[in-house]
Amino acid sequence: MKLDLAAYDRDGFLVLKDFLSAADCDALQARAADLVSAFDPGPVRTVFSTRDQGHARDRYFRESGGAIRFFFEEEATDQPVALALNKIGHALHDLDPVFDRISRQAHFAGLASALGFRQPLLLQSMYLFKQPHIGGEVGWHQDATYLHTRPSTVTGFWIALDDADRDNGCLMALPGGHRGPLRQRFRRVGEAMVTETLDATPWPDTPPVALEASRGTLVVLHGLLPHASAPNRSGRSRQAYALHLIDGCAEYGLDNWLQRPDFPLRGFA
Ligand code: FE2
């Protein structure tokens, strides 16, 4: 696969238009809708927010690394479940046959090897809803804060399943910001999750760019790239599928929040 690796080194991201076929976008959206209709939230709606650490003590979240679990929008009130979810995570790619098949296509493996992965492992998958009107903001962060290896190898494949633009909360990034240090780590201490500051260097004051992406576009995100997304105040949804890879050559510590004690991580095979 031909990639503009010079641009990736310079910017910390790559935007690959038409990476996922319309049929595969349809299949992921239909499968997510089926999972949602089979989901019974019961009396407790578990909220996930990167700002609110209240979820951190929640076992439901803590054990979701090896499961398919559902997380609600902070601003959800009386919406039906299908319009109230923030995301589904975090092992769709291993536990659901449709997500497994689409995540492990040859051109995904080819992309990972073109990026320099020697032993790619599919660590985390998320179906992101960014619902009309209530889709929450995701603040500036580096993915290596949440998924940490030594050396850092985490890389995101973020795929637009709806057209994503400034109106419905597309990705925003600070080009070149991946050359700065990792600022924080979110990690396990016993049963608790803590956010630790490693380096207080502020984000670079380069102007943020909007990574507008038409349906089927895959955005590669370097694990140290500062990125964010605005709330979705539009009437359109902004669904996306995000897959995070690490390299099996690097060390993945037991203090990462995402642990998979029951079944091992797999690559593309
Ligand atoms: Fe992220």
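Taken together, the values in this text are just the output of simple stated rules run on the coordinates, not laboratory data. Values in this document were obtained by computation on a predicted structure and should not be read as measured data. Note: ideal-geometry Cβ built from the backbone for every residue, glycine included; neighbour counts use all protein chains shown.
General observations
- Alpha-carbon gyration tensor eigenvalues x 5, square-rooted, for the range 114-194, Å: 24, 18, 15
- Ellipticity at 222 nm from helices only: DSSP H runs of n ≥ 4 in the chain, each -39500 (n - 2.57), divided by the residue count, give -4500 deg cm²/dmol.
- For the range 175-182, putting each phi into the Karplus relation 6.51 cos²θ - 1.76 cosθ + 1.60 with θ = phi - 60° gives couplings of x, x, x, 6, 7, x, x, 6 Hz, in residue order, rounded to whole numbers and with x for Gly and Pro.
- Report note on the peptides 196-206, 152-162: ranked by the mean count of other C-beta atoms within 10 Å, highest first, their order is 152-162, 196-206.
- Cα-based Kirkwood hydrodynamic radius, the chain, one decimal, Å: 18.7 Å
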